[in-house]
Each structure stands twice: as C-alpha cells, then as structure tokens.
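Asker: Have a look at this one before I ask anything.
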Amino acid sequence: MGTPPGYRPSAWVHLLHQLPRADFQLRPVPSGFAPREQDYQQALLLVVALAGLGLGLSLIGIAVYLIRFCCCRPPEPPGPKSPQPGAGCVTWSCVAALLVGCAGIGIGFYGNSETSDGVSQLGSALLHANHTLSAIDHLVSETVERLGEAVRTELTTLEEVLAQRTELVAAARGARRQAEAVAQQLQGLAFWQGVPLSPLQVAEDVSFVEEYRWLAYVLLLLLELLVCFFTLLGLAKQSKWLVMVMTVMSLLVLVLSWGSMGLEAAAAVGLSDFCSNPDAYVLNLTQEETGLSSDILSYYFLCHQAVSSPFQQRLTLSQRALATIHSQLQGLEREAAPQFPDAQKPLWSLEETLNVTEGNFHQLVALLHCRGLHKDYGAALRGVCEDALEGLLFLLLSSLLAAGALAAALCSLPRAWALFPPSDDYDDTDDDDPFNPQQESKRFVQWQSSI
C-alpha cells in the first residue's frame, strides 16, 4: 500500500493499536479497524465501560471514606473548642488536589485546541479535494461544450463553403470526426460527475460536529475551572454554604469527567486502529459510497509507479486527435483560404477553439495526476492521525487528572468543612453594624444597667 507524503504512524498509534481488545464475552477481537462489525463495536463499548467501572469504584471509595469519617469520629471533649490536630494538613491537601485539577484543565484546553486543529486540517483537505474534482468536471464540461459548438457551427459552415472541393470537404469532415472523438474521450475523464458522495458535504458535516464537540469541551472545562475556583474561595473564606454547594458540584463534574474519559479512550483506540492502516479501509469505503472502479481509487489513494493512470489511454487518444485536427486545419488554411475567402472566418474561429481546447487539455492532465488528490489525502491523515489523536490523548490526561483531583477533594472537603469555626457566618460582619445580633445584645445590656 502507498503511504501518503509526510505521513507515518506515530508511536502512540502503534502503542494503542497493540492494546488487547475483547467483546462483551471477553473473547479476543482483532485490532483491525472495522466500525461496522458488532464485535469491534462491543470492544470499543467495553473501553467506555471501563471508565464507568472507574467511576463506580471512585464513588464507592468516596462513600466508604465519608461514612468512616462521619461514623467513626471520636466524641469531642467538653469545654472550649481547640483546633484539631491535622486541620491544616486537610485543608492544604484539598488545595493541592484542586491545583492539580487546575493543571489538568489547562492540559484539557490545549488538547481541545489540538483536536480542533486536526479536524480543521481534515476539513481543509476535503475542501481542496472538492475544488480539484469540481475543476476537472468544469474543464471537461466546458471543453466538450466548446467542441460541440464548433462542430455544429464553424465546421458545418466550413463544409458548406467548401462544397465545390470534395477533398476539402473530406478534410473538414475528418476534423469533425476527430473533434467528436476528442469530446467523447474527454467525457470519460470527469470520473466524479454524478457521484453521490460530495467532499464538500462531508467537510460541512465534519465541521458541524466538531463545532459542537469543541463547544461542549470548552463548557465542561470552564465548569471544572469554576468549581475549583469557588471551592478554593470557600476554603479561604471558611464559608460552609459555599463549600457544601461546591461539594455537590464536584460530584457532578466527577461523573462528567469519567464519562468524557470513556469517550476519549474509545475514540483514541478506534483512531489508532484506523491510522495503523488507513488505505485499505478508506479505499473500500470510498468505493462502496461512490461506485467508482478500484483502478481509479487505487491510483489516487496509492499513487506510486506500480499503479498506472486509468486515464492514460484516453489522454493519449485525445492528444493524438487534437494534433490531427491541428494539422487538418493548417492544411485547410493553406488550400482553402486563397480560393474561398468566406472560409477564413470559420477557420480562425476553429483555431481559437483548438487553442483553448489544448490549454484545457493540459490543465486536465495536471489535475488528473494523482499527486494533487493524494497530497490532500495525506494532509487529511496527518490532521486526524497526528493532531487530532494527540489532542485526544491530552484530553484523556486532563479528564484523568480532573477525576483524581475531584475525588481527593470530595474526600477532603467534608473534613475541612467540619473544622471550620462555628461562627463563620458572622466572620465578615462589621462590628459597627446596628443589625449585628452581638451589637444588639450589648446595647440591651447597657440599657438594663442604665435603668
């Protein structure tokens, strides 16, 4: 199989591709990319289920820890309360966990940007390929229409003008046959005409999905950032109500982090299977969706010397026919122009049409070469298998750090909350505030003493 220029499977692709896969019955599943096979779908769903198992174990561990903390605490001695030993350690361990979560959020933003860049590169490659295919169809249609117009008008007029010279009429009819042959050969070069699959539509669909994926991750990361920020604020202010609210929010974000981790892991594993050998899958899928022959698809997807161009014969016959038309028109111009002045104008028009046709023909030769579309194919693979896969791995690391940090914070926050002083609700009140209950009691005592 041919390798696109500049693309080589990365070490991450090889590593993830070598990971074992199993279906729901824990039977081994081949690592070849087969998203339509039920066994392969089950293998990816099992990867998602592993993240669900991690979530369940985290929740069980947090619940056991909190039950032990609430039910197994020694009774507090009577008398004035003194700071419990280890209070600062609990608070700082929670702060450290939240700072690790903030670092994971930064990694997540970078991974989300990398993934978006890779998908954007895929969309750009599809748009460029669509431009090439549209240019081929446009050149073929324009050239065939121009030749047909020349056959219907200039050559017909020329035959009428040269009706008195049988040999000249035969030459004009020979040019007509060659022009019709060129038009017929060129029509077979528009291989994408009538194909139901549109690279432009695929690019728009990919861009639409990526836009919502990017937005969803931005919102998730912002939610994690807000939870970390307000939790740190609650710890700094020793505000019980803020810490309680952030504890509930941390539990919600913990569930979302494990869920996104499962999706990211399954996507990374599937993408590594695809990127380890993309040519076979893309070729078979494109042939199934377009109905094009394997010769054409192999020429563009593989693009090496062992695969010959399927258009070479048509291009050779067209080039020979254009050369024949050119020589016939030159002969007619030498023989007919001096004797038939009315033949000069259609001959000049035919020469102009022939020049335009030859120019379009050379452009078609360049566009039909496999280099352009194969380069777009390589750019699409690099975007998906390098940038997008790298971004997914960073998102996976971000979700892992966020889940670990939030689990640690959920274990520490109730202990830190219990260590807050009981008068925290009035810590921020002003001593001169007339509505302060303490000031009201002092004024009442002063009033009684004055009486």
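Asker: Just checking: which of the helices (runs of 4 or more DSSP H) contained wholly in the range 268-368 hold 3 or more residues that are surrounded by fewer than 13 Cβ atoms within 10 Å (Cβ to Cβ)?
Answerer: Numbers: elements: 278-290, 294-302, 312-339, 344-368.
Fully inside the range 268-368 and qualifying: 278-290, 312-339, 344-368.
Asker: Count, please, the residues in the range 283-320 that happen to be hydrophobic (A, V, I, L, M, F, W, C) and in contact with an Asp or Glu (Cβ under 9 Å, 6 or more places away or on another chain).
Answerer: Residues that pass the stated criteria total 3.
Let's see how each residue does on (1) open to solvent by 100 Å² or more (accessible area, probe 1.4 Å); (2) modelled with pLDDT of 90 or more; (3) over 22 Å from the mean Cα position of the chain (by Cα):
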position	(1), (2), (3)
His17	no, no, no
Asp39	no, yes, yes
Leu55	no, yes, yes
Pro75	yes, no, yes
Ala87	no, no, yes
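Residues are listed down the side, and each one gets a yes or a no for (1) modelled with pLDDT under 85; (2) under 24 Å from Val195 (Cβ atoms); (3) not hydrophobic (A, V, I, L, M, F, W, C):
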residue: Ile136; (1), (2), (3): no, yes, no
residue: Glu142; (1), (2), (3): no, yes, yes
residue: Gly148; (1), (2), (3): no, yes, yes
residue: Glu154; (1), (2), (3): yes, no, yes
residue: Glu159; (1), (2), (3): yes, no, yes
residue: Gln164; (1), (2), (3): yes, no, yes
residue: Val169; (1), (2), (3): yes, no, no
residue: Arg173; (1), (2), (3): no, no, yes
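The values are calculated or read from the model by the stated rules, or taken from the named source; none is laboratory data. Because the structure is predicted, anything quoted here is derived from the model rather than measured. Every residue, glycine as well, gets a Cβ built from its backbone with ideal geometry; the counts of neighbours run over all protein chains shown. We work out accessible area using only protein heavy atoms, side chains counted, and drop any ligands, DNA or RNA first. Shrake-Rupley method; radii C 1.70, N 1.55, O 1.52, S 1.80 Å.
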